[in-house]
Ligand SMILES: [Zn+2]
């Protein structure tokens, strides 16, 4: 299979073929699922994925989850649906790297037990709070039966091996749907064109893409004051992003499905220099 990769930053006309392992897929991570926090927005985002039968991985904060009927009933109602995958997002959304290996293991275990008790499904994915991990996090995760860990490319730098038969897969966030602005005064939701080009970039570079979403991305807001109401413009950007991904034949999967979809692909890039430049661009 040959895929022509669009590399808009390339200027060298010569093209070349390279073999990479790729899933030709993108996983979406909805972080910070918890009781009574913008719950109509959390629900609205999950419904967007459900409507089009697209995969979504939700990161649940164990100690903040279980009492809000709106969120708990919804997640429970879809627990047998393979398109919604539940992940552990810490016990109290703590920075795990501040704890010893034993303490990290206890925090992961507590969250997994609470989620299992409520949903009768045990998470095999750890979405690291603040995307921060250290080497102890990997051992602590393994001790608790975690098979996939998602941090980001800063705290868990490349390379990533997405071929089969490993005990723990590292599948970090590679793209963000939104973020705080430079002076931390407001939350920005990026437009779908920008996010889509980063998805393509991530696929070229790593063979997969993980896009992080936060409830804040889709809430009506003013500066950092959020209302528990879905913002139709921001949800519209997400819908257009998903349309574009589907139109290009890129699969939308849950994080645990990335490995299953991975195979060796021959891809055409304009030059090897482009691909190298790519890597340097990402690491800056
Ligand atoms: Zn979080």
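Rule-based calculations on the coordinates, nothing more; no lab input. Note that the structure is a prediction, hence the values are computed from the model and not measured. Virtual Cβ from ideal backbone geometry, glycine too; neighbours counted across all protein chains shown.
GNM, the chain, Cα, under 10 Å: largest mean-square fluctuation among 236, 62, 207?
In this elastic network of the chain, the residue with the biggest mean-square fluctuation among 236, 62, 207 is 236.
Compare 186, 111, 197 in a GNM of the chain, Cα atoms joined below 10 Å, and give the one with the largest fluctuation.
With Cα springs under 10 Å in the chain, the top fluctuation among 186, 111, 197 is at 186.
Suppose only helical runs count, i.e. DSSP H with n ≥ 4. What mean residue ellipticity at 222 nm does that imply for the chain under -39500 (n - 2.57) per run, divided by all residues and rounded to the nearest 500 deg cm²/dmol?
One gets -10500 deg cm²/dmol as the mean residue ellipticity at 222 nm.
From the C-alpha gyration tensor of the range 113-155, pull out the three semi-axes of the equivalent ellipsoid (sqrt of 5λ each), sorted largest to smallest, in whole Å.
After scaling each eigenvalue by five and taking roots: 21, 11, 8 Å.
Using the Kirkwood radius built from alpha carbon pairs, what does the Stokes-Einstein equation give as D for the chain at 10 °C and 1.306 mPa s, in µm² per second? Intermediate values should be presented prior to the final figure.
On the way: Rh = 19.4 Å.
Once the numbers are plugged in, D ends up at 82 µm²/s.
Based on DSSP, what percent of beta bridges with both residues in the range 15-271 are antiparallel, to the nearest 5?
Here the share of antiparallel DSSP bridges comes out near 35 percent.
Work out the FRET efficiency for residue 92 and residue 186 from their Cβ-Cβ distance, taking R0 = 25 Å, and round it to the nearest 0.05.
0.45
For the range 15-271, calculate the relative contact order in percent as a whole number, restricting contacts to Cα pairs under 8 Å that are 6 or more residues apart. Kindly include the intermediate steps, with their values, before the conclusion.
Working: 532 pairs, mean separation 78.5, N = 257.
Relative contact order comes out at 31 percent.
What is the helix-to-structure angle for 39-51, meaning the angle in degrees between its Cα long axis and the longest Cα principal axis of the chain, kept from 0 to 90 and rounded to the nearest 10?
Its long axis makes an angle of about 50 degrees.
Does anyone have the angle between helix 101-119 and the longest principal axis of the chain? Alpha-carbon axes, 0 to 90°, nearest 10?
On a 0 to 90 degree scale, this one is about 70.
What per residue convex hull volume, in Å³, comes out for the range 41-85 when only alpha-carbon positions are used?
Details: hull volume 3.2 nm³, N = 45.
Cα convex hull per residue, to the nearest whole number: 71 Å³.
Take the chain, connect every pair of alpha-carbon atoms lying under 10 Å apart with a spring to form a Gaussian network, then pick out the residue of 79, 255, 162 with the largest mean-square fluctuation.
So, out of 79, 255, 162, the one fluctuating most is 79.
Treating the angle as unsigned and between 0 and 90°, give the value, to the nearest 10°, between the Cα long axis of helix 272-283 and the longest Cα principal axis of the chain.
30
Could you list log10 I(q)/I(0) for the range 39-174 at q = 0.16, 0.17, 0.19, 0.22 Å⁻¹, which the Debye formula gives when each Cα is one point scatterer?
-0.82, -0.92, -1.12, -1.38
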